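First up is the structure itself, then whatever we jot down about it.
The values are calculated or read from the model by the stated rules, or taken from the named source; none is laboratory data. As the structure is a prediction and not an experimental result, all values here were calculated from the model. Here the Cβ is made from the backbone with ideal geometry for all residues, glycine too, and neighbour counts use every protein chain on show.
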Amino acid sequence: MDNKKYWMKRRRYGWGWTPTTWQGWLIIILQLGVIFVAALQLPAKPVQPSVGQLLPFFVITILVVVSLVLIGLQTAPKPHWRWGKKDDDNPDEDF
């Protein structure tokens with residue numbers, strides 16, 4: 001991203017990103033909302049849920065996770081494994 005502020009920064013521990021702008025937080029909230037609405041569609045008290053009842057929830061959850069990774073790749077620095085703060089961390093990219 002040239003001359004643009006990242007929506008998310010690299011996590012200090014592990015692999016991935018942490019939202020740091022309102023746009024990043026909005027993406028997280030919207031995606032959690034989608035998963036919550038999908039969970040509401042699950043049967044209330046299934047004795048033994050069928051694959052047909054659970055499959056839509058898992059498909060939606062996988063699509064949300066994939067979309068989050070794709071959005072992160074577009075709006076955040078390239079992720080890599082980190083284990084703590086280092087002296088050469090870029091404050092614009094690393095949390």
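Taking region 65-93, which residues are of a type in the set (Gly, Ala, Ser) and within 18 Å of ILE29 (Cβ to Cβ)?
Of everything in region 65-93, those that are of a type in the set (Gly, Ala, Ser) and within 18 Å of ILE29 (Cβ to Cβ) turn out to be SER67, GLY72, ALA76.
Tell me yes or no: at least one residue of region 52-65 is in contact with a Gly (Cβ under 6 Å, 6 or more places away or on another chain), surrounded by 15 or more Cβ atoms within 10 Å (Cβ to Cβ) and not acidic (Asp, Glu).
Among the residues of region 52-65, not one is in contact with a Gly (Cβ under 6 Å, 6 or more places away or on another chain), surrounded by 15 or more Cβ atoms within 10 Å (Cβ to Cβ) and not acidic (Asp, Glu), which makes the answer no.
Among (1) loosely packed, with under 12 Cβ neighbours inside 10 Å; (2) at pLDDT 85 or above; (3) closer than 13 Å to PRO77 by Cα, which single condition is MET8 missing?
Every condition holds for MET8 apart from (1).
Given the criteria among the aliphatic types (A, V, I, L, M), surrounded by 13 or more Cβ atoms within 10 Å (Cβ to Cβ), touching a residue at least 40 places away in the same chain (Cβ under 8 Å) and outside any loop (DSSP other than H, G, I, E, B), does LEU68 qualify?
Spelling it out, LEU68 is indeed among the aliphatic types (A, V, I, L, M), surrounded by 13 or more Cβ atoms within 10 Å (Cβ to Cβ), touching a residue at least 40 places away in the same chain (Cβ under 8 Å) and outside any loop (DSSP other than H, G, I, E, B).
Any residue in region 62-83 that is charged (D, E, K, R), in contact with an Asp or Glu (Cβ under 8 Å, 6 or more places away or on another chain) and under 20 Å from THR20 (Cα atoms)?
For region 62-83, residues charged (D, E, K, R), in contact with an Asp or Glu (Cβ under 8 Å, 6 or more places away or on another chain) and under 20 Å from THR20 (Cα atoms): present.
Can you tell me how many residues in region 1-27 are in contact (Cβ under 8 Å) with a residue 12 or more places away in the chain, farther than 14 Å from GLU93 by Cα and part of a helix (DSSP H, G or I)?
The total comes to 2.
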